[in-house]
1. Counting pairwise Cα distances across the range 82-239, what percent come out greater than 25 angstrom?
2. Among all the lysines, which ones have a C-alpha under 19 Å from Lys40's C-alpha, if same-chain residues fewer than 8 places away are not counted?
3. For Arg119 and Ala179 in one chain, what is 0.36 nm times their gap in residues minus the Cα-Cα distance, to one decimal in nm?
4. Quote the relative contact order of the chain in percent (integer), defining contacts as alpha-carbon pairs under 8 Å separated by 6+ residues.
5. Is the shape of the range 1-103 rounded, prolate or oblate, going by the alpha carbon gyration tensor and its root eigenvalues a ≥ b ≥ c, with a/c under 1.5 for rounded and a/b larger than b/c for prolate?
6. What is the distance, in nm, between label points placed 7 Å from the Cα along the Cα-to-Cβ direction at Arg164 and at Arg5?
7. Give me the Debye-computed log₁₀ of I(q)/I(0) at q = 0.17, 0.28, 0.30 Å⁻¹ for the range 24-76, equal point scatterers on Cα only, no solvent, two decimals.
8. Need the full-extension length gain, Arg108 to Ala26, defined as separation in residues times 0.36 nm minus the C-alpha distance. One decimal, nm.
Amino acid sequence: MTDRRAELAANLGRVEGRIASACAAAGRKREEVTLIVVTKTYPASDVRLLAGLGVRHVAENRDQDAAPKAAECADLPLTWHFVGQLQTNKVRSVVSYADVVHSVDRPRLVSALSAAAVRAGREPVCLIQVALDAGSGEAAGRGGAAPGAVPELGDAIAAAGGLRLGGVMTVAPLTGPYAGRQRDAFERLLEISSGLRARHPAANMVSAGMSTDLEDAIGAGATHVRVGTAVLGVRPGLR
């Protein structure tokens, strides 16, 4: 365990250095960017080590892994983020532990989240996942709403009981006009974010960038970066 702690500490130090350098290059303060460590496929013991190293934001993408891990780590001062595609039949479970849901992409999901949050007495922050490879009015294969659907979804979340509209999220697209153009994709997300904030000024979160492209995301203005492999190492195969 001591060796694992040292490994995580060294990896965190390198990631922190990258974030600080990217912020400096963009003329931003380090505290403008929140690091979310994506702990999917890794055990609760790693979450505990990360918390001991000062990590306060962790993310999961599968409810069947996240729910027991969050329960086991309920005593830790952590903010839990859910970043995977979310089916309505998992909403009740996800709402029980997730403080932030990054993958809201359709009105039906907004309704389900609202009902579950009100029932549980919770108020999760919701981010609209934007698919920059989606055609007009269509959701992309990896999840996410087309850019044109963002205003309506934002209004729906803002009006829904039990939910708070936080902002927007994207994953750098593998296909379409932004494939291989991460910086341009993230700058497009910032434009979408600006439009959303014009309607809902408090929706100022911009979740973008992962281990391989966090510098591009920070340069474009991301407020939250989601980093897994660079902190935890190469992931074991999914079960």
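1. Cα-Cα pairs in the range 82-239 separated by more than 25 Å: 27 percent.
2. Lys69, Lys90
3. In short, 17.5 nm is gained.
4. It rounds to 19 percent for the chain.
5. oblate
6. Output for this residue pair reads 3.3 nm.
7. -0.57, -1.12, -1.25
8. Going from the current span to full extension adds 25.7 nm.
Every read-out reported here was derived from the displayed coordinates using simple, explicitly stated rules and does not represent laboratory data. What you see is a predicted model; the values in this text were computed from it and never measured. Note: ideal-geometry Cβ built from the backbone for every residue, glycine included; neighbour counts use all protein chains shown.
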